[in-house]
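A.B. asks: Here it is: the structure, laid out below.
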Amino acid sequence: MDYAGSDESQSVPPERIRSAKILLAGGFGVGKTTLVGSVSEITPLTTEAVMTAASRNIDEIADVPDKTTTTVAMDFGRITIAADLILYLFGTPGQSRFWFMWDELNRGAIGAIVLVDTRRLMDSFSSIDFFENRKVPYVVAVNLFDSAPRYDVDEVRDALTLPPDVPLVLCDARNRESAKRVLISLVEYVMHLHLRTRATASVVGR
Ligand SMILES: Nc1nc2c(ncn2[C@@H]2O[C@H](COP(=O)(O)OP(=O)(O)OP(=O)(O)O)[C@@H](O)[C@H]2O)c(=O)[nH]1
Ligand SMILES: [Mg+2]
């Protein structure tokens, strides 16, 4: 199904509406809360805490000096991506001191988005490793900050040593349509993997 071309306003019997949980991960300050806020059709639940002087040696603020708050539990939003598909989006806290929560947030998710800032690619490795190790399907989305240098998609892919089939997309986390395209790329990727697994199973089972 082509979700990019689907009409959300179409009426669908309630019993045909499906929902899916999606995780949004990535390093500190890459724009996860921003993305959930721009794409969610409900007021997103956010758990932002002000970063005080007391946390200066704990919070990973060196590369994001203007940031005044950080996510301490999760972001939560909802988007109707097609008439018959609702996505629930769970944003993870970016700082490593909150990683103990990731396994809990990951439970029941069909896939994940790893949001990346090209100025701090290293910060995304732990998220990528997390999903690779747990065999959770993921796509990588590069959040194009205004001041960040622009790289070719293939250069970013190489720098992250991404497996060839993992989609890599560019986005502006502040823009609803752009953020929505990222979600659609994940849904299409998950469906592609699902169909491929079914096709393999039917060949093996023959
Ligand atoms: N210029 C620009 N600024 C952005 C963009 N996305 C986010 N920001 C800003 O970057 C800052 C960090 O964004 P957040 O959404 O809080 O980042 P986060 O990933 O949720 O951060 P943590 O939860 O603390 O890890 C905020 O001040 C945003 O306004 C973007 O695409 N372009
Ligand atoms: Mg956040």
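A.B. asks: How much area per residue is accessible in the chain when the probe is 1.4 Å and only protein heavy atoms are counted (Å²)?
C.D. replies: 53 Å²
A.B. asks: With θ taken as phi - 60° and the coefficients 6.51, -1.76 and 1.60, list the Karplus ³J(HN,Hα) couplings across the range 158-174 in order, rounded to whole Hz; mark glycine and proline as x.
C.D. replies: Listing the rounded values in order: 5, 4, 8, 6, 6, x, x, 8, 6, x, 10, 10, 9, 8, 10, 4, 7 Hz.
A.B. asks: Normalised by the number of residues in the range 74-127, what is the relative contact order in percent for Cα pairs under 8 Å and 6+ residues apart?
C.D. replies: Averaging sequence separation for qualifying contacts and normalising by length gives 22 percent for the range 74-127.
A.B. asks: Considering only DSSP beta bridges whose two residues both sit in the chain, what percent are antiparallel, to the nearest 5?
C.D. replies: For the chain, the DSSP antiparallel bridge percentage is about 35.
A.B. asks: Under the rule of -39500 (n - 2.57) per DSSP H run of 4 or more residues, summed and divided by the residues of the chain, what mean residue ellipticity at 222 nm is obtained, to the nearest 500 deg cm²/dmol?
C.D. replies: Estimated from H runs of four or more residues: -8500 deg cm²/dmol.
A.B. asks: Further question: For the chain, build the charge dipole from Cβ charges (+1 Lys, Arg; -1 Asp, Glu) around the Cα centre, then report which of 51, 140, 77 sits farthest towards its positive end.
C.D. replies: 77
A.B. asks: Moving on. Among 113, 81, 42, whose mean-square fluctuation peaks in a Gaussian network model of the chain (Cα, cutoff 10 Å)?
C.D. replies: 42
A.B. asks: Can you give me the long-range amide H partners of residue 26? Hydrogens built in the peptide plane at 1.01 Å from N, cutoff under 5 Å, separation of 5 or more residues or another chain.
C.D. replies: For residue 26, whose amide H was placed from the backbone, the distant partners under 5 Å are 115.
A.B. asks: Ok, one more. Quick one, could you list the DSSP H helices from the chain stretching 30 Å or more along their long axis (Cα atoms) with average Kyte-Doolittle hydropathy of -1.0 or above?
C.D. replies: 176-204
A.B. asks: With the full set of protein chains in place, find how many percent of the accessible area of the chain is carbon and sulfur; take the probe as 1.4 Å.
C.D. replies: Ligands and nucleic acids excluded, carbon and sulfur reach 55 percent.
A.B. asks: Would you mind calculating the gained length between residue 177 and residue 104 on full extension (0.36 nm times residue separation, minus the Cα-Cα distance), in nm to one decimal?
C.D. replies: 23.4 nm
A.B. asks: If the cut-off is 20 Å between C-alpha atoms, which lysines fall inside it for residue 135, apart from same-chain ones fewer than 8 positions away?
C.D. replies: 21
A.B. asks: I'd like to compare 97-106, 149-158, 16-25: which one has the highest average count of other Cβ atoms within 10 Å, and what's the full order after that?
C.D. replies: Order by mean packing, descending: 16-25, 97-106, 149-158.
The values are calculated or read from the model by the stated rules, or taken from the named source; none is laboratory data. All values derive from a computational prediction rather than experimental measurement. Note: ideal-geometry Cβ built from the backbone for every residue, glycine included; neighbour counts use all protein chains shown. We work out accessible area using only protein heavy atoms, side chains counted, and drop any ligands, DNA or RNA first. Shrake-Rupley method; radii C 1.70, N 1.55, O 1.52, S 1.80 Å.
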